[in-house]
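Engineer: For reference, the structure I am asking about is given below.
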Amino acid sequence: LLGCWWLTRGIELASTKAHHLWVEDEQNTAYWTLPVQKTDTTGSCVTRPHQCCCTDRPVPLCPVHAAKRHLARLEAAFPAAIHPRDTLPLFPTLEGNHMSREQVIAACLCVIALTDTRDTRPGPVSGLLNKFGEHVLRVSGSQMMARAKIELYIIQLIGRWGSDAIARYVQDAHVMHNAQLAARTIQGLSDRPAATITANVDPRSLDVMVRKLVQDNLDKQRKFIGNVDTKIAHIPGISE
């Protein structure tokens, strides 16, 4: 959850120290200091804040309370009196060491498995490919914010992107947000009121309407196709 809110890379989860995350109770805000660039894990850093989003009742996804829960678990497993926070990893292994890239991915997959989400997808030719990698929290967090209509430049600032790569991460979120894109397209082509195109339309009548729209547009825009060998021109069929 923390990785989703702060849009962390796998290398950041593996390298960050316990003292990089803290909560200011007076401001009800959690702060996490993270590298600006993925190749800079110990040099120039920036701090990104998140305020508590709870109102009259606790919000399960609240970043501040998530930070408090994690820090409390960390203290219980690795007391600060024994494990200095400037050397203890924020997400340590059972032995108190930094996680490897493979361990970061494995930990994320263990959490994803609890949601009954498939972790593979069909490959381009055959077989299955892994859906999630070390950037899964960074991708899912940015998509979560995009679905909530958070401005793209805000997501870019939170995630510390120095390029337009963020657009590739959130493209699926925008597609899912416009799930009725097909109905809107048919409406635009037919100039029919939106209320007449609903999920309750008979598929057979909808198919007839689509075929008619396609034929009407072909009749209006039909052009000749020339065969350079036979020197004959003909009108293209619908399949062409």
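Engineer: Can you find, within the range 147-158, the residue that is least open to solvent (accessible area, probe 1.4 Å) among those that are more than 12 Å from Trp5 (Cα to Cα) and under 13 Å from the mean Cα position of the chain (by Cα)?
Structural biologist: Gln156
Engineer: Hey, Leu13 hits all of (1) touching a helix residue (DSSP H, G or I) at 6+ places or on another chain (Cβ under 6 Å); (2) assigned to a strand (DSSP E or B) but one; which does it fall short on?
Structural biologist: (2)
Engineer: Residues that are buried (at least 18 other Cβ atoms within 10 Å of the Cβ), modelled with pLDDT of 75 or more and either of a type in the set (Val, Ile, Thr) or outside any helix (DSSP H, G or I) (or both): does the range 109-116 have at least one?
Structural biologist: Looking through the range 109-116, none of the residues is buried (at least 18 other Cβ atoms within 10 Å of the Cβ), modelled with pLDDT of 75 or more and either of a type in the set (Val, Ile, Thr) or outside any helix (DSSP H, G or I) (or both).
Engineer: Does Leu2 satisfy being over 24 Å from Thr115 (Cα atoms), crowded, with 18+ Cβ neighbours inside 10 Å and touching a strand residue (DSSP E or B) at 6+ places or on another chain (Cβ under 8 Å)?
Structural biologist: no
Engineer: If you take the residues of the range 92-102 that are open to solvent by 50 Å² or more (accessible area, probe 1.4 Å) and in contact (Cβ under 8 Å) with a residue 40 or more places away in the chain, which of them is farthest from the chain's Cα centre (by Cα)?
Structural biologist: Checking each candidate, the answer is His98.
Engineer: Something else: Within the range 42-65, which residues are open to solvent by 40 Å² or more (accessible area, probe 1.4 Å), closer than 19 Å to Ile158 by Cβ and assigned to a loop (DSSP other than H, G, I, E, B)?
Structural biologist: Correct list: Ser44, Cys53, Val59, Leu61.
Engineer: Working only within the range 82-91, note down all residues that are in a loop (DSSP other than H, G, I, E, B) and either within 14 Å of Ile11 (Cβ to Cβ) or within 26 Å of the chain's Cα centre (by Cα) (or both). Break it down stepwise before answering.
Structural biologist: As a first pass, look at the range 82-91 and keep what is in a loop (DSSP other than H, G, I, E, B): 82-88, 90-91.
Scanning the range 82-91 gives Leu90, Phe91.
Engineer: Considering (1) outside any helix (DSSP H, G or I); (2) surrounded by fewer than 15 Cβ atoms within 10 Å (Cβ to Cβ); (3) at pLDDT 75 or above, say which one Trp161 fails and leave the rest.
Structural biologist: (2)
Engineer: What are the pairs with Cβ atoms under 8 angstrom where one residue, in the range 66-91, is acidic (Asp, Glu) and surrounded by fewer than 12 Cβ atoms within 10 Å (Cβ to Cβ) and the other, located anywhere, is modelled with pLDDT under 95 and not in a helix (DSSP H, G or I)? Sequence gap at least six, or different chains.
Structural biologist: Asp86/Lys17
Engineer: Here's something else I'd like to know. Looking only at the range 121-131, decide whether some residue is touching a helix residue (DSSP H, G or I) at 6+ places or on another chain (Cβ under 8 Å), surrounded by 12 or more Cβ atoms within 10 Å (Cβ to Cβ) and basic (Lys, Arg).
Structural biologist: First, pick out the residues of the range 121-131 that are touching a helix residue (DSSP H, G or I) at 6+ places or on another chain (Cβ under 8 Å): none.
Checked against the condition, which is being touching a helix residue (DSSP H, G or I) at 6+ places or on another chain (Cβ under 8 Å), surrounded by 12 or more Cβ atoms within 10 Å (Cβ to Cβ) and basic (Lys, Arg), the range 121-131 yields no hits at all.
The values are calculated or read from the model by the stated rules, or taken from the named source; none is laboratory data. From a predicted model like this one, the values you see are computed outputs, not experimental measurements. Reconstructed Cβ throughout: ideal geometry from the backbone, glycine too, with neighbour counts over all protein chains shown. Accessible surface areas use protein heavy atoms only, side chains included; no ligands, DNA or RNA. Shrake-Rupley method; radii C 1.70, N 1.55, O 1.52, S 1.80 Å.
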